[in-house]
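Visitor: Dropping the structure in here first, questions after.
The values are calculated or read from the model by the stated rules, or taken from the named source; none is laboratory data. Keep in mind it's a predicted model, so treat the numbers as computed, not measured. FYI the Cβ positions are ideal-geometry reconstructions off the backbone, even for glycines, and counts take in every protein chain you see.
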């Protein structure tokens with residue numbers, strides 16, 4: 001009885017392997033040949049959907065990481081160290097330190113510092129990706145482009161005046177950003193403006209005071 005069952009099972013396996021499966025495979029090939037355009041279109045749609053989801057997921061991850069980092073904490077603004085002016089005294093010809101005189105802060109430096117602070121906040125919220133500009137991000141960029149930078153001091157050296165003109169032209173170019181532009185282009189433009197403002201602070205102020213900005 002057992003031998004009969006094994007023989008019947010073996011016969012069924014041979015029938016499936018050498019008769020049914022080859023016929024089914026040939027029919028499948030004929031079906032794919034007849035409907036190859038439809039099958040190709042379906043596969044292309046599936047691949048495009050998978051790729052689109054992966055791009056959206058990557059953009060969301062980048063935006064989430066940028067929000068978690070948040071804007072860089074601005075350093076505390078400190079006043080420059082007061083100057084000590086030595087004056088001679090009558091007895092012994094020695095020098096006595098006069099009461100420290102406060103040095104007035106530069107108005108241009110304050111404006112540059114405020115500009116960099118606003119740009120830091122925007123860079124912390126804007127992803128550096130190829131995502132299109134939203135209306136909110138576009139409004140932030142135009143707010144920076146319209147920043148009241150004012151005019152350089154009348155006695156400013158030529159190098160500082162030239163850097164001031166370059167910074168003003170970069171702010172004007174930022175105002176031309178449109179919704180069709182990518183966040184990456186706006187992010188790089190904002191970062192470049194912040195770096196130029198930093199260079200102007202270093203050029204205008206003493207090294208110790210510029211470091212606090």
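Visitor: Could you pull out the residue among 154, 139 that is farther than 17 Å from residue 190 by Cβ and assigned by TED's automatic domain parsing to the domain that holds residue 112?
Guide: Just a single option satisfies the conditions, and that option is 154.
Visitor: Only one of (1) under 16 Å from residue 119 (Cβ atoms); (2) at pLDDT 85 or above; (3) surrounded by 15 or more Cβ atoms within 10 Å (Cβ to Cβ) is not met by residue 139, so which one is it?
Guide: The failed condition is (3).
Visitor: Here is a follow-up. Yes or no: region 162-169 includes at least one residue that is over 17 Å from residue 194 (Cβ atoms) and crowded, with 16+ Cβ neighbours inside 10 Å.
Guide: No, there is no match, as no residue in region 162-169 is over 17 Å from residue 194 (Cβ atoms) and crowded, with 16+ Cβ neighbours inside 10 Å.
Visitor: Also, I was wondering about something else. All but one of (1) within 30 Å of residue 122 (Cα to Cα); (2) touching a helix residue (DSSP H, G or I) at 6+ places or on another chain (Cβ under 8 Å) hold for residue 32, so report the exception by its number.
Guide: All conditions are met except number (1).
Visitor: Going by the conditions given, is residue 39 in a helix (DSSP H, G or I), under 30 Å from residue 130 (Cα atoms), without any contact (Cβ under 8 Å) to a residue 12 or more places away in the chain and outside the structural domain of residue 130 (by TED's automatic domain parsing)?
Guide: no
Visitor: Right, something else. Yes or no: region 193-202 includes at least one residue that is in contact (Cβ under 8 Å) with a residue 40 or more places away in the chain, under 30 Å from residue 56 (Cα atoms) and in contact with a helix residue (DSSP H, G or I) (Cβ under 6 Å, 6 or more places away or on another chain).
Guide: Yes, region 193-202 contains at least one residue that is in contact (Cβ under 8 Å) with a residue 40 or more places away in the chain, under 30 Å from residue 56 (Cα atoms) and in contact with a helix residue (DSSP H, G or I) (Cβ under 6 Å, 6 or more places away or on another chain).
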